Amino acid sequence: MRKDLLIIASILLLITIFFTGTKFQSVEEFELTHIDDIKADSEIVTLAIDSKSLVGNEQLLKPELREFVPKDGIILKRKEYVLRNGDTVFDVLQRATRFHKIQLEFQGANDNVFKSAYIQGINFLYEFSAGANSGWMYEVNGEFPDVGVSRYTLKNGDHIEFHFTKNLGKDIGGEF
């Protein structure tokens, strides 16, 4: 009898621990949960996202989109992220937007002639939202690369910034 009670108590304890203390995660979910786990030996990059070009120009947007332009234009302040082997600008953008619950829509690399992911919208601000020449552009270390986001492989210390442009980059210093 005593042995049976000990077995039953052990089983109940295991069931309690299993259902209350165990969280099942995929590898991707685990990495997103630990996105900020930067250690002294971690290679890092930074990422920032802004729509500053729309501050004071909200009239260019349909009224229902104006709420997605923060007062200061900053959607994501510059933040550090662990650089993983082979990471592209797109990889870091995807992880960051998922982690911070920022809407991101893109066209896959196999769906366009550039063979790179194409950023269609961030934070519900899309290409053409503010006119025929508007959309998203990115820069790395102050330069606007001439390759798509999923074709730009990052290195330790790179600084990535995404900017919403109203005029093919002329308004943000990224004119081709």
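Which of rounded, prolate, oblate describes the range 100-149, given a ≥ b ≥ c as roots of the alpha-carbon gyration tensor eigenvalues and a/c under 1.5 marking rounded, otherwise prolate only if a/b is larger than b/c? Mind showing how you got there, number by number?
On the way: a/c = 1.30, a/b = 1.15, b/c = 1.13.
Verdict is rounded for the range 100-149.
Around Leu61, what is the net charge, scoring Lys/Arg as +1 and Asp/Glu as -1 over all other residues with Cβ under 11 Å from its Cβ? It would help to have the intermediate numbers written out before the result.
Values: positive: Lys62, Arg66, Lys166; negative: Glu58, Glu64, Glu67.
Around Leu61, the surrounding residues sum to 0.
Taking springs between alpha-carbon atoms closer than 10 angstrom, which of Gln94, Gln120, Gln107 fluctuates most in the Gaussian network model of the chain?
Of the options given, Gln107 has the highest mean-square fluctuation.
Round to the nearest 10 and give me the degree value, 0 to 90, for the angle of helix 2-21's Cα axis relative to the longest principal axis of the chain.
Helix 2-21 and the main axis of the chain meet at about 10 degrees.
Assuming 0.36 nm per residue, please report the length gained on full extension of the stretch Glu143 to Lys62 beyond their Cα-Cα distance.
26.1 nm
Compare the peptides 144-154, 160-170, 4-14 by average per-residue count of other Cβ atoms within 10 angstrom and give them in order, highest first. Please list the in-between numbers first.
Details: 144-154: 17.0, 160-170: 19.4, 4-14: 9.7.
Ranked from most to least packed, the peptides come out as 160-170, 144-154, 4-14.
Can you give the helix-only mean residue ellipticity at 222 nm for the chain, where every DSSP H stretch with n ≥ 4 adds -39500 (n - 2.57) and the sum goes over all residues, rounded to the nearest 500 deg cm²/dmol?
Working: 3 runs with 38 residues, N = 176.
Only helices count here, giving -7000 deg cm²/dmol.
Expected output is a single nm value to one decimal: the length gained when fully extending between Lys155 and Leu12, i.e. 0.36 nm times separation in residues minus the C-alpha distance. What is it? If you can, show how the numbers build up before the last one.
Values: separation 143, 0.36 × 143 = 51.48 nm, distance 5.03 nm.
Difference between extended and current length: 46.5 nm.
How would you order 66-72, 129-135 from highest to lowest mean count of nearby Cβ atoms within 10 Å?
Working: 66-72: 14.1, 129-135: 17.7.
In descending order of packing, they fall as 129-135, 66-72.
With contacts defined as alpha carbon pairs under 8 Å and 6 or more residues apart, what's the relative contact order of the range 30-176 in percent?
Rounded, it is 29 percent for the range 30-176.
With a ≥ b ≥ c the root eigenvalues of the C-alpha gyration tensor of the range 60-118, is it rounded (a/c under 1.5), prolate (a/b larger than b/c) or oblate? Before the final figure, lay out each step's value.
Working: a/c = 2.87, a/b = 1.30, b/c = 2.20.
Judged from the Cα gyration tensor, the range 60-118 comes out oblate (a/c at least 1.5, b/c at or above a/b).
Would you mind getting the accessible area per residue of the range 131-176, heavy atoms of the protein chains only, 1.4 Å probe, in Å²?
52
Where does helix 89-99 land angle-wise versus the long Cα axis of the chain, in degrees 0 to 90, nearest 10?
Its long axis makes an angle of about 50 degrees.
The values are calculated or read from the model by the stated rules, or taken from the named source; none is laboratory data. Only a predicted model underlies this, so the values are computations on that prediction, with no experimental measurement involved. FYI the Cβ positions are ideal-geometry reconstructions off the backbone, even for glycines, and counts take in every protein chain you see. These accessible areas exclude ligands, DNA and RNA; they are computed on the full protein's heavy atoms, side chains included. Shrake-Rupley method; radii C 1.70, N 1.55, O 1.52, S 1.80 Å.
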